[in-house]
Amino acid sequence: MNNTFSKIAVIGAGTMGSGIAGQIANAGLQVLLLDVPGDVSPNERSEQAIERLLNSEPPALVHKKCAKNIIAGNIRDDFDQLADSDWIVEAVVERLDIKQALYQRLYETINSTCVVTSNTSTIPISLLVESMPDDFQQRFAITHYFNPVRYMRLLELVRGEKTQPDVIDKLADFNDRVMGKGVVKCGDTPGFLGNRVGVFALQVGIDAAIKTGIPIEHADALMGRPMGIPKTGVFGLYDLIGIDLMADVVRSLRSILPEGDAFHAVGAENQLINGMIEKGYTGNKGLGGFYHVIDGQRQAKDLATGEYRAALSTAPDRAVVAAIAQAEQKEVLTDLIQGNDDAALFCKHVLGRVLGYAASLLGEVTDSPQAIDDAMKLGFNWIRGPFEMIDALGANTVAGLLKELGEPVPAVLSKNTRFYQASGEQLNVTHADGSVNPVNLPEGVVRFHLLKQTLKPIATNRAASLYTIDDDFRLIEFHSKANALTDESMAIVKLAAEDHGKGVLVHNDAQHYSAGVDLNAFLAYIDDKDWSGMDAFLHRFQMAVKALKYAPVPVVGAPSGLSLGGGFEVLMHCDGLVVHNNSVMGLVESGVGVLPSGGGVKETYRRWHAKTGNWEEAAWKAWMNLGYGASGSSPDLSERLAYFNSANDESVINRDRLYTGALTKLKGLTAGYQPPTEPDIHLAGGDSLQRMAEFMDKGIASGDFYPHDKTVAMHIANVMCDSAGQATAVSEDDMYARERENFVKLAQTPETRARIHHVLHVGGALRN
């Protein structure tokens, strides 16, 4: 069977339907988007959906030009256009009668090979197609995407009793390679996998907070990074999604899950939540939620009284929370459940019940622990899945927690099974029936957090590791909190330039490649007035990336998520990049009152000179990039900033294919490789500095800029521009030194110190 769909339609232009259409458009394919006729114009609803995609934040489209791939229509006038479709996605309202009527109409219109799928998350296939002919059922499946479709990696692919295997295979392959999804094949069971475990976990978090009396801020702090779950935790995530939407999801699961399922113990109607919804407190989109800002002060809901109080600024009084930065280390989970204080009891409830619930589904909903783990990692952004967490704690420990809580112990835990085990270069997983099989991933898909379980690092520290991969290549992995770069990170970078093998790959598969250099270190230098120490740190950073740049072997970067500041400066010194479509790339240091000083100004300036051929114009372009702290939310947008070069760099739509794509590129560079030569650089002359100063003065006069914005901007300018207006030749080391000199001068200003402190201890940017 041909594994490509070429004529695709989506029916239903709501949030999910438009998101699915948008991702098809992001993949470079044309898609027909239909909805019911509008009141004002026939295609009103589809056209409005496209407009929402264009204006969404974060951007639903990798580039606004992708909107041209979406054709707006309606199901009254354009239904006949579906006759030659080869895949139709139904994303209409969750009502069985409406869906069944649509399927009957489709059957009378579409061709005999067209595949039809539903985005439903609640209605089983057996009901959806119970009245449809067999040949329709054979071409029907559920493709359950997660919102927002561009960013959420999970696709739950559900096969019906009569769905043909080749239809499932084609959908899985297409959604992996073309749509960029991590595909988890599920049985036709209530809630499938992601929502069944994920929503249960949230409900347990709420229930445990009520039972232990722990404040919601402490619950979120614990059931967040320390457990390897996004920092929003429970209550913050409820506010983010929408409390009313979450309440509907809970009711839906309650209505479809079998009697006796553990969900019912935590999924009953919640009067506090219902009262909040009635008063418009539906979360971030409403008047507020569990968290609320009143007169500029953050408030938090007291679960006992239902009233708001001043939000607590301190984390739970447990030493383990100080280890949030090391959330991936196994010992953190063990630390969370030590003792009998409220925080420990909360963690015991959450870890015991959630991991026990996941284990109870093994053999009933799926035979594969990996399927459940993948669903939680790809659909809920957990660092580790439930069975990886069980391995970290030990099955006996989880069984002991369940006994302590008076909960039943699933049979798979009583065997003290280890679910993942490395055997040589292969990682195996133990299934429900006790069989041991290799981790199941499509050809070309590699997740480094799994692969590294079969590897022994050459060198490792708290912030980074260096591995040998694939026949004597090297891989640098950052693994600190937010992958913020420190001296330890750069020590591994420098080592890779020395112990380089055949080539070096810079990659990790954390949610974000790197958010930049650790600002806490800079604040400490400032408070200690240790300017020489700061300069020495910057010099070590520069020499590490310089060594990487001039290594005698090729170097390729493969980032995903945030690739900002110092993290992006490492990438700028690579020979080429293979970038995930959703990568955000840029140098944003001006926002905290400093400037890029790991070669970022130098490299941005050089790139703009390569584009313009003029040093004065290059200085202006680079200055605008750096002064505004501009970043691109896709490779297309980053190319406009000279941060991505489509002639040399590559992009992939599936994060899981970054490793393979980058390694292929790296191998392609090895034959006859010659490291780059020392670049020719001239400072910008003429009236460049004067033009920049005048631009900032106008901005301050109009209220667009603040006084310190000019101070920062002019220090950035000083790196690239000659103070006497002469086009002076300088060396690469001169440029590094100019970066450091201007960085340290900015660090000595109270305004920069205030900006850094605000980001670290208050949150958000400070304008001053």
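Can you confirm whether region 229-244 contains a residue that is in the same structural domain as residue 311 (by TED's automatic domain parsing) and either among the aromatic types (Phe, Trp, Tyr) or more than 30 Å from the chain's Cα centre (by Cα) (or both)?
Yes, there is a match, as at least one residue in region 229-244 is in the same structural domain as residue 311 (by TED's automatic domain parsing) and either among the aromatic types (Phe, Trp, Tyr) or more than 30 Å from the chain's Cα centre (by Cα) (or both).
Among the candidates 212, 120, 113, single out the residue that is in contact with a His (Cβ under 8 Å, 6 or more places away or on another chain), over 23 Å from residue 362 (Cβ atoms), not hydrophobic (A, V, I, L, M, F, W, C) and not assigned by TED's automatic domain parsing to the domain that holds residue 305.
The unique qualifying residue is 120.
Test residue 668 against the criterion of being at pLDDT below 95 and either of a type outside the set (Lys, Arg) or not assigned by TED's automatic domain parsing to the domain that holds residue 619 (or both), and give yes or no.
In short, no.
What are the pairs with Cβ atoms under 8 angstrom where one residue, in region 265-282, is within 18 Å of residue 239 (Cβ to Cβ) and in contact (Cβ under 8 Å) with a residue 24 or more places away in the chain and the other, located anywhere, is basic (Lys, Arg) and surrounded by 11 or more Cβ atoms within 10 Å (Cβ to Cβ)? Sequence gap at least six, or different chains.
272/301; 276/301
For residues that are in contact with a Ser or Thr (Cβ under 8 Å, 6 or more places away or on another chain) and under 15 Å from residue 149 (Cα atoms), tally how many sit in region 163-202.
Summing the residues that are in contact with a Ser or Thr (Cβ under 8 Å, 6 or more places away or on another chain) and under 15 Å from residue 149 (Cα atoms) in region 163-202 gives 2.
Residues of region 486-501 being of a type in the set (A, V, I, L, M, F, W, C), buried (at least 23 other Cβ atoms within 10 Å of the Cβ) and within 18 Å of residue 534 (Cβ to Cβ), which ones?
Passing the criteria: only 490.
For residue 676, all conditions in the list (1) in contact with an Asp or Glu (Cβ under 7 Å, 6 or more places away or on another chain); (2) over 17 Å from residue 559 (Cβ atoms); (3) touching a residue at least 60 places away in the same chain (Cβ under 8 Å) hold save one; what is the number of the exception?
Exception for residue 676: condition (1).
Please state which of the following conditions residue 229 fails to meet, knowing it meets all the rest: (1) outside any helix (DSSP H, G or I); (2) surrounded by fewer than 22 Cβ atoms within 10 Å (Cβ to Cβ); (3) at pLDDT below 95.
Only one criterion in (1) outside any helix (DSSP H, G or I); (2) surrounded by fewer than 22 Cβ atoms within 10 Å (Cβ to Cβ); (3) at pLDDT below 95 is unmet by residue 229, namely (2).
In this structure, is residue 652 of a type in the set (A, V, I, L, M, F, W, C), in contact with a Gly (Cβ under 7 Å, 6 or more places away or on another chain) and touching a residue at least 60 places away in the same chain (Cβ under 8 Å)?
In short, yes.
Would region 614-627 turn up any residue that is in contact with a helix residue (DSSP H, G or I) (Cβ under 8 Å, 6 or more places away or on another chain), surrounded by fewer than 18 Cβ atoms within 10 Å (Cβ to Cβ) and outside any loop (DSSP other than H, G, I, E, B)?
yes
Every residue in region 723-754 that is within 18 Å of residue 521 (Cβ to Cβ) and among the aromatic types (Phe, Trp, Tyr), please.
743
Quick one: how many residues across region 555-611 are within 21 Å of residue 760 (Cβ to Cβ) and among the aromatic types (Phe, Trp, Tyr)?
Total satisfying the criteria: 1.
When residues of region 453-469 are filtered for being part of a loop (DSSP other than H, G, I, E, B), touching a residue at least 12 places away in the same chain (Cβ under 8 Å) and surrounded by fewer than 20 Cβ atoms within 10 Å (Cβ to Cβ), how many remain?
Total meeting the criteria: 4.
For region 116-141, what are the residues that are part of a loop (DSSP other than H, G, I, E, B) and charged (D, E, K, R)?
Matches in region 116-141: 130, 139.
Checking the conditions here, which among 637, 562, 595, 571 is in contact with a Pro (Cβ under 7 Å, 6 or more places away or on another chain) and among the aliphatic types (A, V, I, L, M)?
571
Here are the criteria: (1) buried (at least 21 other Cβ atoms within 10 Å of the Cβ); (2) in a loop (DSSP other than H, G, I, E, B); (3) in contact with a Gly (Cβ under 9 Å, 6 or more places away or on another chain). Tell me which single one residue 163 does not satisfy.
(3)
Look at residue 702 and say whether it is over 26 Å from residue 549 (Cα atoms), of a type in the set (S, T, N, Q) and surrounded by 14 or more Cβ atoms within 10 Å (Cβ to Cβ).
For residue 702, the condition - over 26 Å from residue 549 (Cα atoms), of a type in the set (S, T, N, Q) and surrounded by 14 or more Cβ atoms within 10 Å (Cβ to Cβ) - is not met.
I'm trying to understand the selection: among the residues of region 21-49, which are surrounded by fewer than 24 Cβ atoms within 10 Å (Cβ to Cβ), β-branched (Val, Ile, Thr) and within 28 Å of the chain's Cα centre (by Cα)?
31
If only one of 507, 512, 580, 573 is in contact with a Leu (Cβ under 7 Å, 6 or more places away or on another chain), modelled with pLDDT under 95 and not charged (D, E, K, R), which one is it?
Of 507, 512, 580, 573, the one residue that is in contact with a Leu (Cβ under 7 Å, 6 or more places away or on another chain), modelled with pLDDT under 95 and not charged (D, E, K, R) is 512.
Residues that are buried (at least 16 other Cβ atoms within 10 Å of the Cβ), at least 2 per element: which strands (runs of 3 or more DSSP E) completely within region 232-315 meet that?
Result: 291-294, 297-301.
Pull up region 361-390, narrow it to residues that are surrounded by 22 or more Cβ atoms within 10 Å (Cβ to Cβ) and acidic (Asp, Glu), then point me to the one that is farthest from residue 185 (Cα to Cα).
This residue is 388.
Does residue 108 qualify as being closer than 30 Å to residue 583 by Cβ, free of Cβ contacts under 8 Å to residues at least 60 places away in the same chain and acidic (Asp, Glu)?
Spelling it out, it is not the case that residue 108 is closer than 30 Å to residue 583 by Cβ, free of Cβ contacts under 8 Å to residues at least 60 places away in the same chain and acidic (Asp, Glu).
The values are calculated or read from the model by the stated rules, or taken from the named source; none is laboratory data. Note that this is a predicted model, so its numbers are computed, not measured. Cβ sites come from the backbone with ideal geometry, for glycine too, and all protein chains shown count toward neighbours.
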